[in-house]
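A.B. asks: Just dropping this structure here.
Derivation of every value follows stated rules applied to the coordinates shown; laboratory data play no part. Fair warning: this is a prediction, and the values are worked out from it, not measured in the lab. Positions of Cβ are generated from backbone atoms using ideal geometry, with glycine treated the same way; all protein chains shown enter the neighbour counts.
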Amino acid sequence: MSRYFPLFVDLEGKKITVVGGGAIATRRIRALLEFGARITVIAPKVTEELGRFAKEDRLVWRQAAFHPDDPGAFADAFLVLAATDQKEVNLAVWQKCRELHIPVNLADDREKCDFYFPGIATGGGIVAGITAEGKDHRLAREATEQVRELLAHREKER
């Protein structure tokens, strides 16, 4: 398996399309909004929090199922996240992104990910992204929490 190079990207104003509106999509969208991304969600249903974000115009919600033949599904998308609980839908998203040469992350298949979604820790002028190379989410979560604590401590000392 390939190793992934950590890369920080300016997401300010860039469109990110998320297929799926459940708990995983919500966590990822919450983080992406902090970095100024323009989010479009394609999902028949979304969590209460995503529904609120849509009402507040913090994201666009296309209340529909994903269809690979929809020409506007990924229009102007910089990145795509497939975060449904249906493997066949996530696979269709991946295939469409391959055709369109758009980097994609599948929540349920690390082998097909062009990028991983890291744990994010910020504070004291530092942004850290943490991953266990997609192999051990618990380890990555623990390391992220430790770095968050370190940065919070650093922030208090300033």
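A.B. asks: Want the number for ASP109 to ASP76: 0.36 nm per residue separation, take away the alpha-carbon distance, what's left?
C.D. replies: Answer, rounded to one decimal: 9.5 nm.
A.B. asks: For the stretch 39-147, build the convex hull from the C-alpha positions and give me its volume per residue in Å³.
C.D. replies: It comes to 138 Å³ per residue, whole-number rounded.
A.B. asks: For n ≥ 4 DSSP H runs only, could you compute -39500 (n - 2.57) per run for the chain, divide by its residues and tell me the 222 nm figure to the nearest 500?
C.D. replies: -11000 deg cm²/dmol
A.B. asks: Take the alpha carbon gyration tensor of the stretch 58-107, find the square roots of its eigenvalues, order them as a ≥ b ≥ c, and report rounded if a/c is under 1.5; if not, report prolate when a/b exceeds b/c, else oblate.
C.D. replies: Cα axes put the stretch 58-107 in the rounded bin.
A.B. asks: Follow-up question, since we're still on this one. I want the antiparallel fraction of DSSP beta bridges within the chain, as a percent rounded to 5.
C.D. replies: Looking only at bridges with both residues in the chain, the antiparallel portion is about 25 percent.
A.B. asks: Let me ask something else about it. Relative contact order for the stretch 31-152: what is it in percent, counting Cα pairs under 8 Å that are at least 6 residues apart?
C.D. replies: Over the stretch 31-152, the number comes to 15 percent.
A.B. asks: What's the FRET efficiency of TYR116 with GLU149 using the Cβ-Cβ distance as r and R₀ = 22 Å, to the nearest 0.05?
C.D. replies: In this case the efficiency is close to 0.50.
A.B. asks: Which FRET efficiency value, to the nearest 0.05, do you get for ASP136 and GLU12 by plugging their Cβ-Cβ distance into 1/(1 + (r/R0)^6) with R0 = 35 Å?
C.D. replies: Efficiency, rounded to the nearest 0.05: 0.65.
A.B. asks: In the stretch 113-158, what GluC sites (Glu not before Pro) fall in a loop by DSSP, with at most 13 other Cβ atoms inside 10 Å?
C.D. replies: Sites meeting the loop and neighbour criteria: GLU133.
A.B. asks: Of LEU79, ILE126, GLY22, which is farthest along the charge dipole of the stretch 10-158 in the positive direction, counting Lys and Arg as +1 and Asp and Glu as -1 at C-beta?
C.D. replies: Working it through, the farthest residue towards the positive pole turns out to be ILE126.
A.B. asks: Is the stretch 94-158 rounded, prolate or oblate when judged by the Cα gyration tensor, a ≥ b ≥ c being the square roots of its eigenvalues, rounded requiring a/c under 1.5 and prolate requiring a/b larger than b/c?
C.D. replies: In terms of gyration-tensor shape, oblate.
A.B. asks: While we're here: Going toward the positive end of the dipole of the chain, with +1 on Lys and Arg Cβ and -1 on Asp and Glu Cβ, which of VAL93, PHE53, LEU106 do you reach last?
C.D. replies: PHE53
A.B. asks: Let me ask you something else. For a test of the definition: using alpha carbon positions, the gyration tensor, and the 1.5 limit on a/c, classify the stretch 17-79 as rounded, prolate or oblate.
C.D. replies: Oblate.
A.B. asks: Which of the GluC sites (Glu not before Pro) across the stretch 1-52 are loop residues per DSSP, with 12 or fewer other Cβ within 10 Å?
C.D. replies: Those satisfying the criteria are GLU12, GLU34.
A.B. asks: Using only the alpha-carbon atoms, how far is helix 87-100 inclined from the longest principal axis of the chain? Give it as 0 to 90 degrees, nearest 10.
C.D. replies: On a 0 to 90 degree scale, this one is about 90.
A.B. asks: Mind putting a number on the dipole of the chain about its Cα centre? Charges go on the C-beta only, +1 for Lys and Arg and -1 for Asp and Glu, and I need it in Debye to the nearest 20.
C.D. replies: It works out to roughly 180 debye.
A.B. asks: Which entries in the list LYS15/LYS45; LYS55/LYS135; LYS135/LYS156; LYS15/LYS135; LYS14/LYS156 go over 31 Å, if you measure between the two C-alpha atoms of each?
C.D. replies: Distance filter (> 31 Å) returns LYS55/LYS135; LYS135/LYS156; LYS14/LYS156.
A.B. asks: Quote to one decimal, in nm, the extra length available between GLN63 and THR47 on full extension: 0.36 nm per residue of separation minus the C-alpha distance between them.
C.D. replies: Full extension of this stretch gives 4.5 nm more.
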